[in-house]
1. Does the stretch 114-127 contain at least one residue that is in contact with an Asp or Glu (Cβ under 9 Å, 6 or more places away or on another chain), at pLDDT below 85 and within 23 Å of V413 (Cβ to Cβ)?
2. Run down L383, L411, L415 and say which single residue is buried (at least 21 other Cβ atoms within 10 Å of the Cβ) and within 22 Å of P153 (Cα to Cα).
3. Just to check your reading of the model, which residue among A139, A101 is surrounded by 18 or more Cβ atoms within 10 Å (Cβ to Cβ), within 21 Å of L151 (Cα to Cα), at pLDDT 80 or above and in contact with a Gly (Cβ under 8 Å, 6 or more places away or on another chain)?
4. Would you confirm, using the coordinates I've provided, whether A277 is at pLDDT below 85, within 17 Å of L76 (Cβ to Cβ) and touching a Pro at 6+ places or on another chain (Cβ under 9 Å)?
5. Quick one: which helices (runs of 4 or more DSSP H) lie wholly within the stretch 1-83 and hold at least 2 residues that are surrounded by fewer than 18 Cβ atoms within 10 Å (Cβ to Cβ) and without any contact (Cβ under 8 Å) to a residue 24 or more places away in the chain?
6. For the stretch 150-252, please list each of the helices (runs of 4 or more DSSP H) lying entirely inside it that holds at least 3 residues being surrounded by fewer than 21 Cβ atoms within 10 Å (Cβ to Cβ).
7. Does I255 meet the test of being closer than 21 Å to I56 by Cβ, in a helix (DSSP H, G or I) and in contact with a helix residue (DSSP H, G or I) (Cβ under 7 Å, 6 or more places away or on another chain)?
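The values are calculated or read from the model by the stated rules, or taken from the named source; none is laboratory data. Note that the structure is a prediction, hence the values are computed from the model and not measured. We place every Cβ from the backbone using ideal geometry, glycine too, and count neighbours over all the protein chains shown.
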Amino acid sequence: MDINIILDILLLTVLLILGVPVPFCFAAAVLFLFLTGDYASTNFLVAAGFNRTSSIILLAMPLFILVGEIMSTGSLASRLVDFCDSIFGRLKGGLGIVVVAVTAVFGAISGTASSAVAAMGTIMVPRMVELGYDRGYAAALVANSSVLALLIPPSSAQIVYGWISGTSIAACFLAPIVPAILLISLFSLWNFVLTRRMPIKQPATVEFKEVARNVILKGRRATFGLAMPVLILASIYGGIATPTEAAAVAVVYAIIVGMLIYRDVSFRDLWRVGHRAGTTVGVVMVLVFFAVMLSRLFTMESVPHAVVEVLLSVTENKYVILLMINLFLIVLGMLMDDFSGLLLATPMMMPVIQEIGVHPVHFAAIIGVNLGMGNITPPTAPLLYFGARIGKVSLDRMLKPSLVFVVCGYLPVLLLTTFLPELSLWLPRLVLGIE
């Protein structure tokens, strides 16, 4: 591999570790490689960036971000919490299961982990602390559960992966669902183990009839929120709409629910929501623009081919190569957010997985679980830092429970997802008939 490429990757890594904003890191890497390489003009790079960012498929991502912002502003999150609390809240440690379940549902609506942390952390951490949960544990549970937003459709991360790899986005949505269900189950199990010695207040005992009545009442209040992911996915898999069209419909639906049905989103709120979503989307699109340019330069310099040769020179064993890819993705996830990791890793890894015979839809689940785990794995752990800020707690109080969730939750699911392809391919084959 050319020395300039190695120096460029080192520059990108150092800038990320120093905490430089990610779009600037990619821009610096592009500038360094262009200045040190033999390229006549920047025209082809700019054209590549604009052509890729103008994709109709990519438009689904900002639309889903806008949906998440609208639903975070209103009472949807609290209605979902109340509904799940009516089901699990009477168990000791049951509020922890509520966090996991609601974060999964909210992630399915918003599609981004950071919005799930912001919405759930604001509501759930104070409520859990009031009932006797340790604040560090509460913030850690929210931060770790937020990664489910990357796995449960409609996931913005899977839209990015499908867009870069040329894989069916509908299939990519389905691939991580079974791993996500396994994660929810393991998180719920370890929640009971980790909270058994906490002085958690138990709700008063009531008759089953009263519990059922409460579940039905809270379920009715949360109906429109629970219906959103169902409507989105039904329209996509029913062949009624593309993911982008479904995202546009979801925006309209969210506005109608927030402004006309729940009536807790005003025109002023809508303006603020649009501003926040626009800021987020602007950062993401600048990142995509420079990441596409860097990917183009790497392709011209045959970096993906070099990666294939390096891995195959170590071993030709498919499973050992998958282990090495997983280690690379975990480290990458520690250094950058899921979008950045996907933009950098997907074009580099696709030739490798094609060479060793891994299905692209299977790899969608692998890369989703992997980068998600990296986002809550020290030393960088961007979602843990965000969770600490939202939960108003020091990071060291979150580390022990987070380590349990990573080692006893994410790691087993990652290994199962990697080495049992049917976990990821069963649903896409059942629903879409992929080979």
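1. Keep residues of the stretch 114-127 that are in contact with an Asp or Glu (Cβ under 9 Å, 6 or more places away or on another chain), which gives 114-115, 127.
Right, trim to at pLDDT below 85 and you get 114-115, 127.
Next, only the ones that are within 23 Å of V413 (Cβ to Cβ) stay: 114-115.
Yes, some residue in the stretch 114-127 is in contact with an Asp or Glu (Cβ under 9 Å, 6 or more places away or on another chain), at pLDDT below 85 and within 23 Å of V413 (Cβ to Cβ).
2. On the way: L411 fails: buried (at least 21 other Cβ atoms within 10 Å of the Cβ); L415 fails: buried (at least 21 other Cβ atoms within 10 Å of the Cβ).
When all the criteria are applied, what remains is L383.
3. Details: A101 fails: in contact with a Gly (Cβ under 8 Å, 6 or more places away or on another chain).
Sole residue among the options that is surrounded by 18 or more Cβ atoms within 10 Å (Cβ to Cβ), within 21 Å of L151 (Cα to Cα), at pLDDT 80 or above and in contact with a Gly (Cβ under 8 Å, 6 or more places away or on another chain): A139.
4. On the way: at pLDDT below 85: yes; within 17 Å of L76 (Cβ to Cβ): yes; touching a Pro at 6+ places or on another chain (Cβ under 9 Å): yes.
Against the criterion (at pLDDT below 85, within 17 Å of L76 (Cβ to Cβ) and touching a Pro at 6+ places or on another chain (Cβ under 9 Å)), A277 qualifies.
5. Details: elements: 3-17, 22-36, 43-53, 60-73.
Output list reads 3-17, 22-36, 43-53.
6. Working: elements: 156-165, 169-174, 177-195, 208-221, 223-237.
Counting at least 3 such residues, we get 177-195, 208-221, 223-237.
7. No: the conditions fail for I255.
Listed here are the residues, each with its yes/no results for (1) in a helix (DSSP H, G or I); (2) closer than 19 Å to F26 by Cα; (3) at pLDDT 80 or above.
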| residue | (1), (2), (3) |
| --- | --- |
| S313 | yes, no, yes |
| E316 | no, no, yes |
| L322 | yes, no, yes |
| L343 | yes, yes, yes |
| T346 | yes, yes, yes |
| E355 | yes, no, yes |
| V369 | yes, no, yes |
| P378 | no, no, no |
| G387 | yes, no, yes |
